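Engineer: This is the structure, below, for whatever I ask next.
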Amino acid sequence: MDDREINKFVGMKIKEFRKNKKLTQQDLADLVGVKNSAISNYEQGIRIPKRDFLFRVANALGVSIDEFFPIQSEETSSDRKSTRLNSSHECQS
């Protein structure tokens, strides 16, 4: 998944959680201290949310910040572990 796809995914999750709480974009904007147009831009993946903003949104929506990101597949996770182990082994040689 590239950065653009991740931004769209994060925006989709913000919108999903906001709607689950029955909040408007304006309601969420008021809770986190931004304009409703910023919420719209985040939800559409136009604007890239910064970490502090995501923490404020997660707090306002009562979810973990982890909920905004896609779950890694086991294969991807295993590939990374294998790469790290190989790198560690090469460093020790």
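Engineer: Please report the Cα spread of region 1-46 along all three principal axes, rounded to whole Å, starting with the longest.
Structural biologist: Cα spread of region 1-46 along its principal axes, largest to smallest: 31, 20, 12 Å.
Engineer: Count the net charge of all other residues whose Cβ sits under 14 Å from the Cβ of Lys15, scoring Lys and Arg as +1 and Asp and Glu as -1. If you can, show how the numbers build up before the last one.
Structural biologist: On the way: positive: Lys8, Lys13, Arg18, Lys19, Lys21, Lys22, Arg47; negative: Glu16, Asp27, Glu43, Glu67.
Once all neighbours under 14 Å are counted, the net charge is +3.
Engineer: Relative contact order of region 1-52, please, whole-number percent, based on alpha carbon pairs below 8 angstrom and at least 6 residues apart.
Structural biologist: 46 percent.
Every number in this text was worked out from the coordinates using simple rules, so none of it is lab data. These numbers were taken from a predicted model, which means no experiment stands behind them. No Cβ is skipped: glycine too gets one built from the backbone with ideal geometry, and neighbour counts run over all protein chains shown.
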